[in-house]
Amino acid sequence: MAQNTTINATAGAWTQLTSADVTSLTFQNIGGQYALIAGTLGATAPTNLNGALRYNPGQGERAVLISDLFPGVSGVNRAWVYADNGTRIFISHA
């Protein structure tokens, strides 16, 4: 399912950014602290912070292939955010 929205990430837990399997996405950290973004194959949350990419406030990606962000995750099709104190992420994907 396509979406163009802002996600409020839960503090200290992985929050799914994508609402369906995706091949590309646009996102920006619009919160006040850094966020860690990770990719998975399927809708199961990551179990640790290994391989997550750090995005400071104001940073993000525009129309990037999710496989380019996480080339080591075979079949990657979902994106997740983690922030110690919670944050807000704008996300858009088809």
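For the range 62-90, name all the residues that are among the β-branched types (Val, Ile, Thr), outside any strand (DSSP E or B) and over 18 Å from Ala2 (Cβ atoms). Walk me through it before giving the result.
Just the residues of the range 62-90 that are among the β-branched types (Val, Ile, Thr), to begin with: 64, 66, 73, 76, 81, 87, 89.
Subset that is outside any strand (DSSP E or B): 66, 73, 76.
Within the range 62-90, Val73, Val76 qualify.
Run down Ala11, Ala20, Ala38, Ala52 and say which single residue is among the small types (Gly, Ala, Ser) and buried (at least 19 other Cβ atoms within 10 Å of the Cβ). So that I can check it myself, show each step before the final result.
Details: Ala11 fails: buried (at least 19 other Cβ atoms within 10 Å of the Cβ); Ala20 fails: buried (at least 19 other Cβ atoms within 10 Å of the Cβ); Ala52 fails: buried (at least 19 other Cβ atoms within 10 Å of the Cβ).
That would be Ala38, the only listed residue that is among the small types (Gly, Ala, Ser) and buried (at least 19 other Cβ atoms within 10 Å of the Cβ).
Output yes when any residue across the range 54-61 is touching a residue at least 60 places away in the same chain (Cβ under 8 Å) and either touching a Leu at 6+ places or on another chain (Cβ under 9 Å) or assigned to a strand (DSSP E or B) (or both), and no when none is.
No: zero hits.
Could you please give the count of residues in the range 15-53 that are in a loop (DSSP other than H, G, I, E, B) and either more than 22 Å from Asp84 (Cβ to Cβ) or not β-branched (Val, Ile, Thr) (or both)? Can you show your working first?
First pass over the range 15-53, keeping only residues in a loop (DSSP other than H, G, I, E, B): 17-23, 30-34, 41-52.
So of that shortlist, the ones also either more than 22 Å from Asp84 (Cβ to Cβ) or not β-branched (Val, Ile, Thr) (or both) come out as 17, 19-23, 31-34, 41-43, 45-46, 48-52.
Selection size over the range 15-53: 20.
Among the candidates Phe70, Phe90, which residue alone is in contact (Cβ under 8 Å) with a residue 60 or more places away in the chain, out of contact with any Pro (no Cβ under 7 Å at 6 or more places or on another chain) and of a type in the set (Phe, Trp, Tyr)? Outline the logic, then answer.
Working: Phe70 fails: in contact (Cβ under 8 Å) with a residue 60 or more places away in the chain.
Sole residue among the options that is in contact (Cβ under 8 Å) with a residue 60 or more places away in the chain, out of contact with any Pro (no Cβ under 7 Å at 6 or more places or on another chain) and of a type in the set (Phe, Trp, Tyr): Phe90.
Under the condition of being among the hydroxyl-bearing types (Ser, Thr, Tyr) and closer than 20 Å to Ala20 by Cα, which residue from the range 35-76 is farthest from the chain's Cα centre (by Cα)?
The residue in question is Ser74.
A short reminder: the numbers here are calculations on the coordinates, not readings from a lab. Since we're looking at a predicted model, the values are computed, not measured. Virtual Cβ from ideal backbone geometry, glycine too; neighbours counted across all protein chains shown.
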